[in-house]
Amino acid sequence: MSALRLHVVVPGPIDQQTGGYIYDRRMVDGLRAAGWQVAVHGVAGAFPATDAVSRERLAAALAGLPDGARVVIDGLALGGLPAPVRAERARLRILALVHHPLADETGLDPPRRAQLEALEREALAACAGVLVTSAFTARRLEAYGVVPARVRAVLPGTDPAPLAAGPEPGDPPLLLSVGSVTPRKGQRVLAAALARLAGLPWRCVCAGSLERDPACAAEVAAFVREAGLADRLRFAGECGADELDRLYHRASLFVLPSHYEGYGMAFAEALARGLPVVGTTGGAIPHTVPADAGVLVPPGDEAALADALRRLLVEPGGAERRGRLAAAARRHAGELPDWPESASRFAEAIAALTPDGGV
């Protein structure tokens, strides 16, 4: 029996350090380890605000594939470009990989949100099926006219990791936040909450790209300077695996006030290290963070976030609360799928949605 074949289309290089790209890359690696022949096609151009380059490159990438080929297109590349998908739908077996709907991004004005929703609805209708990273997103796609039978949810994996040891003796609590600095990830809300706690002992490190939305990163940095927090709230930029592991290991708790997540890989990584989690109720986060392992507040509510952090850091019983959350995180860490398991489920989902064999 010949090896199974798959083509994966992503916007730009696949080695980018965001949750979506990491998921894509780990699925490719897992399929290859299982004997699949996987070709990755990085498409140049602007996404999701598409331009002539992205339209031409996606159309050319699909046109160059053999008849009957299985193709998985990352939703960031697919959602705004239904026309190339429609043009090839009869010849190729195209699957969408939706991390979260493009219209659910934070900060969109109503006309742009409506435009993205209409484009993605059209693109998804042209696909043989849809892969998503959570059951929450699978249900979300019902509003896009995607019937449940055409959807398969494959949760991200999580690498085994040592339990966090916490700060060095004598150091204040270390709050760790991991995510590209963008409006959706909520670093501006975190900074405002921490400004309310300026009189308390803490340090905070935000690890994540400062280049995804430079205007947002500059705005947050300016707020931090004006609030007098620059010596306590550090933006580390995009960190390599070793540096990120070191930060997790020395953290006291994990905090990420995302407005919306389609899954929230960083939350799962914090659970794997036995860290208490402070997040929001945005999107799939309540499904990723068990109720006994985290404290979740409404998205965008800096006062509620500050109160949650204060109760865990300094109020009577705060250390005990952190301990209970950490113990629950450790228990749930054992229930998280690893990456080989997720890749196996990804392969099963592809086979179920395109059952006639691959080219």
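Okay, here's what the table says:
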quantity	calculated
Karplus 3J(HN,Hα) series, Hz, for the range 263-268 with 6.51 cos²θ - 1.76 cosθ + 1.60 (x for Gly, Pro)	8, x, 4, 5, 5, 5
Relative contact order for the range 174-333, counting Cα pairs under 8 Å that sit 6 or more residues apart, in percent	25
Amide H contacts under 5 Å for Gly12, placed H, 5+ residues apart	Val43, Ala44
The chain, helix-only ellipticity at 222 nm - DSSP H runs n ≥ 4, -39,500 (n - 2.57), divided by all residues, nearest 500	-12000 deg cm²/dmol
Per-pair calculated FRET efficiency, R0 = 25 Å: Leu163 and Thr106 via Cβ, rounded to 0.05	0.20
Gyration tensor (alpha-carbon) shape descriptor, the range 227-283, a/c threshold 1.5	oblate
Global geometry of the range 187-228, whether rounded, prolate or oblate, following the gyration tensor of its Cα atoms and the 1.5 cut on a/c	prolate
Overall dimensions of the chain by Cα: Rg and Dmax, Å	20.9, 67
Vicinal HN-Hα couplings computed from phi for the range 79-90 (Karplus, 6.51 cos²θ - 1.76 cosθ + 1.60; Hz; Gly/Pro x)	x, x, 10, x, 4, x, 6, 4, 5, 10, 4, 7
For Leu4, residues with placed amide H under 5 Å, excluding near neighbours	Gln37
Mean projected area in nm² (Cα convex hull; one quarter of hull surface) for the range 174-333	8.2
Ranked Ser252, Ser209, Ser177, criterion: other C-beta atoms within 10 Å, fewest first	Ser209, Ser252, Ser177
Table column - 3J(HN,Hα) (Hz), the range 59-70, Karplus curve with 6.51, -1.76, 1.60, x for Gly and Pro	4, 5, 4, 6, 5, x, 8, x, 4, x, 5, 7
The range 131-204-the range 29-93 distance, computed between alpha-carbon centres (Å)	28
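Laboratory data are not the source of any read-out in this text; all were calculated from the coordinates shown. All values reported here derive from a predicted model rather than from experimental measurement. Please note: Cβ atoms are built from the backbone with ideal geometry, for glycine as well, and neighbour counts cover all protein chains shown.
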